[in-house]
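First up is the structure itself, then whatever we jot down about it.
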Amino acid sequence: MPELPEVETFARYFAKHALQQRIARVDVRDERILADIRKETFAKKLKGCAFASVRRHGKHLFADAGATWLHLHFGMTGDLAYYRDAKSEPRFARIVFAFDNGAKLAFEDMRLFGLAELIASPDAFIDERGLGPDPLDPSFTFAKFEALLEKRRGAIKSLLMTQEIVAGMGNLYVDETLYQTSIHPRRAVDRLKQDERRAVFTSMRKILRDSIARQARDADLPPRYLYHHREVGARCPKCGGTINRAVVFGRTTYFCAKHQR
Ligand SMILES: [Zn+2]
């Protein structure tokens, strides 16, 4: 499932290949990928436009087409492919944007849990959904993070998974953040000391950046990451303790029973 670092990788890919090219044609191969818009309308509104820029917020990708914005969500199996040769078209291309220069951008999604739609603006979309800040947004400061945690109760893991607090932190990245900051996933947020809050803020951003730097290939993350030891009874590479499993916020959670307090 594409997590934030993968969506950032898609955003960079989109920006590198598919900007400033006039859209000659839009082929919606499977209308089920569209949310609340008919394929004829979708195609008509984008034809003749060019994508000017790309923006990501959490796991949402937005491309500015001038009068409208394209919003993509990658669901479980979403992906992008830019190609010239018809033979390179992905098997599960649901939408193909054909540019004047002969190149094409396909939005593929085998399982169809993703979506594409046209929206007025990303800011309005973020507002309507009540999404919290993107953890990597340069304007997201520790002071803002602290303000979001203020007066909140409940387990720190649940809070970090809540999209209204921070948008796009997935299960793996939350577990990794808490592992690296030695905080138990069930610790109550109002019991965290200020230096622990700061560590969570710094660590979650570093982990996302580490993953993005590897084009979201998390298998390439450093060996001391919990990512490589998500197994009951595994030995903690940090302290030699034992990795344990619990369900927090309805999600399978791995943590070290010894050093995470
Ligand atoms: Zn440990």
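Coordinate-derived values only; no laboratory data. Everything quoted here is computed from the prediction, not taken from an experiment. Please note: Cβ atoms are built from the backbone with ideal geometry, for glycine as well, and neighbour counts cover all protein chains shown.
Quick grid of which residues meet (1) of a type outside the set (Gly, Ala, Ser); (2) touching a Lys or Arg at 6+ places or on another chain (Cβ under 6 Å); (3) assigned to a helix (DSSP H, G or I); (4) more than 16 Å from the ligand (Cβ to nearest atom):
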{"site": "LEU148", "(1), (2), (3), (4)": "yes, no, yes, yes"}
{"site": "ARG153", "(1), (2), (3), (4)": "yes, no, no, yes"}
{"site": "LYS157", "(1), (2), (3), (4)": "yes, no, yes, yes"}
{"site": "LEU172", "(1), (2), (3), (4)": "yes, no, yes, yes"}
{"site": "SER182", "(1), (2), (3), (4)": "no, no, no, no"}
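Looking only at residues of the stretch 244-261 that are assigned to a loop (DSSP other than H, G, I, E, B) and either near the ligand (Cβ under 8 Å from one of its atoms) or without any contact (Cβ under 8 Å) to a residue 60 or more places away in the chain (or both), we find that the one that is farthest from VAL200 (Cα to Cα) is GLY250. Of all residues in the stretch 204-230, those satisfying the criterion of being more than 21 Å from the chain's Cα centre (by Cα) and under 26 Å from VAL189 (Cα atoms) are ARG224, HIS229. Restricting attention to the stretch 214-227, the residues being in a loop (DSSP other than H, G, I, E, B) and surrounded by 16 or more Cβ atoms within 10 Å (Cβ to Cβ) number 3. Is it the case that some residue within the stretch 234-243 is within 12 Å of the ligand (Cβ to nearest atom), touching a Phe, Trp or Tyr at 6+ places or on another chain (Cβ under 6 Å) and free of Cβ contacts under 8 Å to residues at least 40 places away in the same chain? There is at least one residue in the stretch 234-243 that is within 12 Å of the ligand (Cβ to nearest atom), touching a Phe, Trp or Tyr at 6+ places or on another chain (Cβ under 6 Å) and free of Cβ contacts under 8 Å to residues at least 40 places away in the same chain.
Applying the criterion of at least 1 residues that are among the small types (Gly, Ala, Ser) and touching a residue at least 40 places away in the same chain (Cβ under 8 Å) to the strands (runs of 3 or more DSSP E) found wholly in the stretch 17-127 leaves 23-28, 60-64, 78-83, 93-99, 115-119.
SER211 - would you say it is crowded, with 16+ Cβ neighbours inside 10 Å, away from the ligand (no atom under 11 Å from the Cβ), of a type outside the set (Phe, Trp, Tyr) and more than 28 Å from GLU150 (Cβ to Cβ)? The answer is yes for SER211. The set of residues in the stretch 214-229 being under 16 Å from ASN171 (Cβ atoms) and within 13 Å of the ligand (Cβ to nearest atom) consists of TYR225, LEU226, HIS229.
Taken over the stretch 163-183, residues that are surrounded by fewer than 19 Cβ atoms within 10 Å (Cβ to Cβ) and either touching a residue at least 60 places away in the same chain (Cβ under 8 Å) or aromatic (Phe, Trp, Tyr) (or both) amount to 2.
Residue-by-condition table, conditions (1) closer than 28 Å to ALA65 by Cβ; (2) surrounded by 15 or more Cβ atoms within 10 Å (Cβ to Cβ); (3) out of contact with any strand residue (DSSP E or B) (no Cβ under 6 Å at 6 or more places or on another chain):
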| site | (1), (2), (3) |
| --- | --- |
| ASP109 | yes, yes, no |
| GLU128 | yes, no, yes |
| LEU131 | yes, yes, yes |
| GLU146 | no, no, yes |
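The residue of the stretch 231-261 that is farthest from HIS184 (Cα to Cα), among those that are in contact with a His (Cβ under 7 Å, 6 or more places away or on another chain) and surrounded by 14 or more Cβ atoms within 10 Å (Cβ to Cβ), is PRO237.
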